[in-house]
1. With the requirement that a residue be in contact with a strand residue (DSSP E or B) (Cβ under 7 Å, 6 or more places away or on another chain) and farther than 16 Å from Ser98 by Cα, what does the stretch 47-65 give you?
2. If you take the residues of the stretch 41-66 that are more than 14 Å from the chain's Cα centre (by Cα) and either over 20 Å from Thr90 (Cα atoms) or β-branched (Val, Ile, Thr) (or both), which of them is most open to solvent (accessible area, probe 1.4 Å)?
3. Hey, does the stretch 98-108 have a residue that's farther than 14 Å from Ile28 by Cβ, modelled with pLDDT of 95 or more and surrounded by 17 or more Cβ atoms within 10 Å (Cβ to Cβ)?
4. Taking Ala35 as the residue in question, decide whether it is among the small types (Gly, Ala, Ser), touching a residue at least 60 places away in the same chain (Cβ under 8 Å) and within 23 Å of Val12 (Cβ to Cβ).
Amino acid sequence: QVQLVESGGGLVQPGGSLRLSCAASGSIFSINNMAWYRQAPGKQREWVATETNSGYTDYADSVKGRFTISRDNAKNTMYLQMNSLKLEDTAVYYCKLSQRGSGYWGQGTQVTVSS
């Protein structure tokens, strides 16, 4: 019913930038929340950022001031602009759409920060 596909991951040097995209398709309602999560090996999946359909945004303390979440409702796509990347940002990044009490996940995209 709802499919999410992430893209834009890759290898980047510390201090560099990367832009992730998440394209949603299927039965998308007007009122929904979209979010980014990440998971490093041996660690729990953690919440990174959220944007509601009305434009409210929130960020985890670890990325605040460096990452920016945005969405294009006409395209049913959301983005995560990552600047000033650090080694600890290395993880698989997942997008999530929440609507009417249900959550949907993408397959994830790998982000590796290394010199």
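The values are calculated or read from the model by the stated rules, or taken from the named source; none is laboratory data. A quick note: this is a predicted structure, and the numbers were derived from the prediction, not measured. Cβ coordinates were reconstructed from backbone atoms using ideal geometry, including for glycine residues, and neighbour counts include every protein chain displayed. Each accessible area value is taken on the protein alone, full model and side chains, heavy atoms only, with ligands, DNA and RNA left out. Shrake-Rupley method; radii C 1.70, N 1.55, O 1.52, S 1.80 Å.
1. Hits for the stretch 47-65 are Tyr59, Ala60, Val63.
2. Ranking the qualifying residues of the stretch 41-66, first place goes to Tyr56.
3. Yes, the conditions are met somewhere in the stretch 98-108.
4. When the stated conditions are applied, Ala35 passes them.
This table checks each residue for (1) among the small types (Gly, Ala, Ser); (2) open to solvent by less than 50 Å² (accessible area, probe 1.4 Å); (3) assigned to a strand (DSSP E or B).
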| position | (1), (2), (3) |
| --- | --- |
| Glu6 | no, yes, yes |
| Gly16 | yes, yes, no |
| Ala24 | yes, yes, yes |
| Phe29 | no, no, no |
| Met34 | no, yes, yes |
